[in-house]
Structures are given as structure tokens and as C-alpha cells.
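What follows is a single structure, written as C-alpha cells, with notes after it.
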Amino acid sequence: MTRVRSTSRSPLPRLATIAGLVCVAAACQGPSVSTHPARTAGTAWQEPSAYTYLLRSTGGERALIGSFRVSVRAGKVVRADGLDAESRAVVRRSPTIVPTIGTLVREVEQARREGADRADAEYASAGYPRRITVDWSATAVDDEVRYEISGYTPGGRRPGAN
């Protein structure tokens, strides 16, 4: 006697299983945007036209790496001094690459708008950002950036200068 087993020819059960697995896998990835509270446009801090600050830029494979002393006048970087070998090479090769703090804030805001996996900013009590971290893709290598801002001084005095 031959047994005949009935099987469904409909692809729906298989598709439902695949869809369920995709949903479970997506849920395991966690949120795609930062859950950390961060300030955006409209914070109490307004970028002054003149200030100085120290910038430490790390992470990723990119040109802006190292520690810098930065002077801003009329909203533009007018002087950037490299404080280590890497940053001195950056300033020598591309003197206009060193950003204002406003440029860094716009970078993290753009990353948030465009769906970066991580786009965080920590602010000092005076309102300016102290740390900014952007990671466009958590699974990619060397696409992240980290900025540490210190020595922020509104006006003309240079931070770290004696």
C-alpha cells in the first residue's frame, strides 16, 4: 500500500515564516536612532561670532584626527594650531578642514536627520557641546567620529595658551 501525503502548494506558510524571522531579526538589532537625550537646534547656547576652543578629534579613517587649538572670528576658523604630530600634519595639508563648534553641531544634527545609528551630543552647563559622537552604521568599521571640546572661551582669549 502506498501512502500519499497531502502537502499544501501555497507559498503563504513559508512566506509567513520568513516574514516572522525577518521581524525577529530586526527587533534584535535594537533602535536605529540614539535613545540618549540630546539637544538640537534651539538650545540655549548660541554660537558667538568669536571664541576659542580645544578640539580632540578621534575615530574612523578620515582626515581630521588629532588635537587642535582653534580660534573663531566672524563665525569662521581664523587659526588652527595642531597640538600633536597628527594634527600638525592635518593643519599643514588642509588648513581649512578644522571646524567651528557650530559646524560640529550641524554635523550631528544632519546625522540624526539622515538616520545614523548613533548621533549623540553631551552638553556642558554653559550650553556648548562637550562631546559629539556619530556612527553612521554600527556594523561598519571606521565610519565613526568622536569630538571632545574643552577650553571653550567666548571672545578672544586662546585656550591652552600661556
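The values are calculated or read from the model by the stated rules, or taken from the named source; none is laboratory data. Given the structure is predicted, the values throughout are model-derived calculations rather than measurements. For neighbour counting, all protein chains shown are included, and Cβ atoms are generated from backbone atoms with ideal geometry for every residue, glycine included. Heavy atoms of the whole protein, side chains included, go into the accessibility calculation; ligands, DNA and RNA do not. Shrake-Rupley method; radii C 1.70, N 1.55, O 1.52, S 1.80 Å.
Asp142 meets the conditions (1) open to solvent by less than 70 Å² (accessible area, probe 1.4 Å); (2) among the acidic types (Asp, Glu); (3) in contact with a Ser or Thr (Cβ under 9 Å, 6 or more places away or on another chain) in every case but one. The failed one is (3). When Ala111 is tested against (1) open to solvent by less than 40 Å² (accessible area, probe 1.4 Å); (2) in contact with a Phe, Trp or Tyr (Cβ under 8 Å, 6 or more places away or on another chain); (3) closer than 20 Å to Gly151 by Cβ, only condition (3) is not met.
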